[in-house]
Structures are given as structure tokens and as C-alpha cells.
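Only one structure is covered here, and it is reproduced in the block below.
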Amino acid sequence: MAAVLQLLLLFAVSNLCSAVHHKDAPFLHKKFPPYFMWGTATASYQIEGAWNVSGKGESIWDKFSHAGVIHNQDTGDVACDSYNKYKEDVQLMKEMGVTHYRFSIAWTRIFPTGKADSYNAAGMQYYKDLVAELKNNSIIPMATLYHWDLPQQLEDVGGWLNDTVIEHYRDYADRVFSELGDDVKLWLTFNEPFVTCWLGYGIAVHAPGKYEKPGVDPYICAHNIIRSHAKAWHTYDDKYRESQRGKISITLDADWKEPKTNSSADRAAAERAEQFKLGWFAHPIYKNGDYPKVMKEFVAKKSKAQGLPVSRLPQFTEAEKCMIKGTYDFFGLNHYTTQYVADKEDSSYVSYDKDQDIDVTVDPNWASSGSSWLKVVPWGLRSLLNWIKYEYNNPDLYVTENGVSDKNGTLNDTFRINFYNGYINNVLKAIDDGCNVKGYTAWSLLDNFEWRQGYSEKFGLHYVDFDDPDRPRETKDSAKWFKKLINTNGWEELKDASSPKYHPDGRLVFG
Ligand code: GBH
């Protein structure tokens, strides 16, 4: 009996050992499912310019950039001038053959003060024109309601830390649904609320640049954004879904957190890090209306050690949990990179990041990019998609952003082609693993205003000359490559596995 058990155990262990890590899986020569959607993405402040035109109000990014804190003192005042050049942008997309375009709406064009009584028809008209142009070119619009450009007047009364923002956000969403919803069928309430709350109200790298209470304010910000998201989702569900028949969700950013070692402490730490970042927002919305258990435990434990009577992590009421749970129609995911996570007790100061007891590192062998935080780790996307499948019961999922930067904006961007080849192939592998991925959106259509880094980090499939007042666009090799990929809907199956399908530089050869 014991011998049989021992044999079984041996078998199990050897199976485990023979499992191929995602990082070692070979390239998959195969097509995507026929329904798969291919697009590119941008965001209002990063491309539009026209910051004070046609009644637009000031946003926190206008104020932040005008304070001269951005690299090279850049601002988004003109950016790619897409406010004037949107028709040209649509033609660039048409040339690539994309199915959809993900863009964002500037709240300050619609309600310049942030409140409904300041409605500005000229601002709404810009998006009506853009949506009409997309429709005329058979490109499906995917609209983000909030990509970080909060009306400054709402920030003046506390921004995302003041829960009155919830009602204003709901009014704004309601107005946009009612005016654009006949033609827009894919909505995202928020882009990466993690960045808004941690970079905006935790470490002050982004607007509004607050860092007074990094162990308190990011949690309050998230609490208000999650409730705002849920209100907007219900507004759509109650008032518009029946007639407009669209889909609405949120888009969350997540890195893949790979355990530093196989120790149970490091595996738990990597899981905890994922819960603290992605689970912070996804757990309430996609699971049970509440924060992840491990996050509640850790923030409570740390708060207690500080001598606080209650946890710094706010609590949802039972009614709020019911209101929040299930407010999605799909999973929106922005993904760029991977880190190693190890367990590490840490109480040096009080903040959201120190609440996690983790140590985060990267592998020096991973290729770097034009952005210090972005290491090229294609297999991490497959691991992350499988984690989401398991954790959130395999929702329909759109990759709403993925891409890579360089500093020079070269048109011969083989580096970017290699990045996309690797990451997109891992999306295909994840589909083979059973993940319900329905679409992929490349960041970005254009080189644009890369937030704190200004115009110095370029993610575009098209080059933009920011020294020329006309902001001319030029097609990079990656855009031509993307066009072929879309046209083939992935990669041709290999007829003869031995024949080389790569250029010596690693680029895949088509046809
Ligand atoms: C996304 O953020 C955004 O949605 C998009 O707007 C952005 O252009 C794109 O990715 C590329 O960054 O170096 O201190 O300034 C991804 C998350 C947030 C990660 C900003 C890098 C910069 C930190 N990114 N962060 S800093």
C-alpha cells in the first residue's frame, strides 16, 4: 500500500517537474478565433491638445503640467493636436485595418466645472464627430469615460478623496451615455484606478500630486472610484442597456507577479501583491463586492500595530457590496510588464506599498525599454491571463492596452515588433489555455504625452514630430507589421516546421 502511494507521489512530482514554465513555451504558429478584435488605444489628455478650446474647463493635468513638473517642462496643451486632426488619425487606423479604437472622453469638455449644470455642447460635439468618423470608416468605438483628467474644480474640493465626486461622476456618465450611446457600444468607466489613487494621491508622481497620507488617501480614493464605477454601471444598466444594447466595464492595470523563489512564503507574497494591486479593484467588482481577504487582513494588522482603533482600509456597507458586486460585462486589462516578488516584513513607514510586506525586483536579463519600469517579459501576460481566468471565473476579457516605448521614435522599430510578437503570441497561448480573450488593443496609435515623462517616452505605432506645429504623423514599421498580423488574424500554421520563419534579428516573417 505504502509502495503504491509512494509510486503515485513520485508520478505526481515528476509530472509537476516536467510541466513547462510559460517562459519556456515555444512560439505558437496559429490564427486567432474569427471573432477576435484588434485595435489601438489613446487617451484624451495624451493626444488631443486644445486644452482651453470651445469651452473646455481646466483639468488636474492642465494644472499639473502648467506647474512645470513634467520632464522637459512638457505639457499636453497641443499634444498630437488630435482635437483638430482626428480624421487623419482615423485614416491611420483604417490603413491598419483595426476593428476598434479605444479613446477617452475629457470630462472637462462635457462639464467644464465637473458638474452637470456646466454642460458644454461644443465639447460633446467633438466626440460626436469622432464617433461619426469612426462609424463612416467601419471602426468600432470603445470609449473610456475617465483616463485621469479630473475637472480641476472638483479637485479643489478634494477630488477623489471627497465622496461627493461619486454623484458628479454618475451625472457625467449619464449624459455621455444619453448622447453617444446610440453609436458607442463598448464603454469603460475608468482607466487604471490604481494609477489615479497611488500615483495621484500616494506618491504624487501624477496629478493632482498629493502625498500627505500615503497610507490613507489611496484607499479613500479607490473606495470612491469603485463606488463611482458601480453607480455608472447601474445607470447604464437601468436607463440605457435595453435600448442601446452595449457593454460596460472598467479597465484595470496589472503586472504579473512571479514568486521570487518557490518557497511558500514567496508564493504567498506574489499572490498578496497581485491582490493588493489588481484585486483591490477587481475583487469587489468581479467577486463579492468587497476587498480581497488578504488585503483586509494586512491593512488591519498594520493599522493595529500603529495603534489605530480601526483599519485604514475603508469598509463598504452591506448595501454597497450588493451594489458593487457584478458590475461588469467583461474584464478590461492593461498589461505591460512583470516583476519578481519575495516575502519581506516591512514597517519603515506607513503607506499602501509598505502594507504589503513584499520585496519587488526584476531579472537583469529581461530586455529593457524606453521606460525604466517596463521590462520585456512576454510570458508574464499568459500567466496573468490564466490567473484572472482562475480567480474571476473566466470572464470575457479584452486586453485594452499593451505596448512598449523607446526614446528615439525610430521608424524602423524592430524592437517594438519583437515585443508585440512575443506578447500577442502569449495572448494566443492563453486562448489555447481556455482564457476567454476577445480582443487586443495596442498602446498606442501615436507617440503622445507620456504623463510625467512628457514626450520623451514614445509608445506609438506612428511617429509624431512634436517640434513641427503641424504635428505630422509617420508610419513606423510596427504599424505595417500590425496591419499584416490583423490581416492574417495571427500567424499562419507552419507547413514545414523545419523551415525558418524568422529574420536573423528575430522578427517573424509572414506569408
Ligand atoms: C498606461 O499606464 C496608461 O493607461 C497610459 O495612459 C500610458 O501612456 C501607458 O500605460 C504607458 O505608460 O515613471 O514615475 O512616471 C501604465 C501604468 C503608469 C506605468 C505610469 C508607469 C509611470 C511612473 N503606468 N507609470 S513614472
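The values are calculated or read from the model by the stated rules, or taken from the named source; none is laboratory data. Keep in mind that what you see is a predicted model, and the values were worked out from it rather than measured. Here the Cβ is made from the backbone with ideal geometry for all residues, glycine too, and neighbour counts use every protein chain on show. Just so you know, the surface numbers come from the protein's heavy atoms only, side chains and all, with ligands and any DNA or RNA stripped out. Shrake-Rupley method; radii C 1.70, N 1.55, O 1.52, S 1.80 Å.
The one condition from (1) assigned to a helix (DSSP H, G or I); (2) under 20 Å from T317 (Cβ atoms) that A269 does not meet is (2). Residues that are open to solvent by 10 Å² or more (accessible area, probe 1.4 Å) and assigned to a loop (DSSP other than H, G, I, E, B) were ranked within the range 132-148; the one that is farthest from the ligand (Cβ to nearest atom) is S138. For the structure I just gave you, tell me whether D129 is at pLDDT 95 or above, within 21 Å of Q46 (Cβ to Cβ), within 16 Å of the ligand (Cβ to nearest atom) and not small (G, A, S). Here the answer is no, as D129 does not meet what is asked. The set of residues in the range 224-238 that are open to solvent by less than 10 Å² (accessible area, probe 1.4 Å) and closer than 22 Å to L161 by Cβ comprises N224, I225, I226, S228, H229, A230, A232. Restricting the first member to the range 324-336 and to residues that are over 16 Å from S383 (Cβ atoms) and acidic (D, E), and the second to residues that are open to solvent by 20 Å² or more (accessible area, probe 1.4 Å) and more than 16 Å from the ligand (Cβ to nearest atom), the beta-carbon pairs closer than 9 Å and six or more apart or on different chains are D329/W233; D329/K247; D329/D396. Being on the phi < 0 side of the Ramachandran plot, within 19 Å of the chain's Cα centre (by Cα) and not in a helix (DSSP H, G or I) is a property that W198 lacks. In this structure, does A207 turn out to be crowded, with 21+ Cβ neighbours inside 10 Å, under 22 Å from the mean Cα position of the chain (by Cα), more than 16 Å from the ligand (Cβ to nearest atom) and of a type in the set (A, V, I, L, M)? The answer is no for A207. The criterion of being within 16 Å of the ligand (Cβ to nearest atom), open to solvent by less than 40 Å² (accessible area, probe 1.4 Å) and within 30 Å of S444 (Cβ to Cβ) does not hold for L385. Exactly one residue out of T361, T338 is of a type in the set (S, T, N, Q), buried (at least 16 other Cβ atoms within 10 Å of the Cβ) and either farther than 26 Å from T251 by Cβ or in contact with a strand residue (DSSP E or B) (Cβ under 8 Å, 6 or more places away or on another chain) (or both): that is T338.
Screening Y423 on (1) in a helix (DSSP H, G or I); (2) touching a His at 6+ places or on another chain (Cβ under 7 Å) shows it passes everything except condition (2). Taken as a whole, the structure places L186 among residues that are closer than 22 Å to F331 by Cα and out of contact with any Asp or Glu (no Cβ under 6 Å at 6 or more places or on another chain).
Got a sec? Which of K458, K429, K438, K476 is open to solvent by 40 Å² or more (accessible area, probe 1.4 Å) and in contact (Cβ under 8 Å) with a residue 12 or more places away in the chain? Step by step, each of K458, K429, K438, K476 is checked, and only K438 is open to solvent by 40 Å² or more (accessible area, probe 1.4 Å) and in contact (Cβ under 8 Å) with a residue 12 or more places away in the chain.
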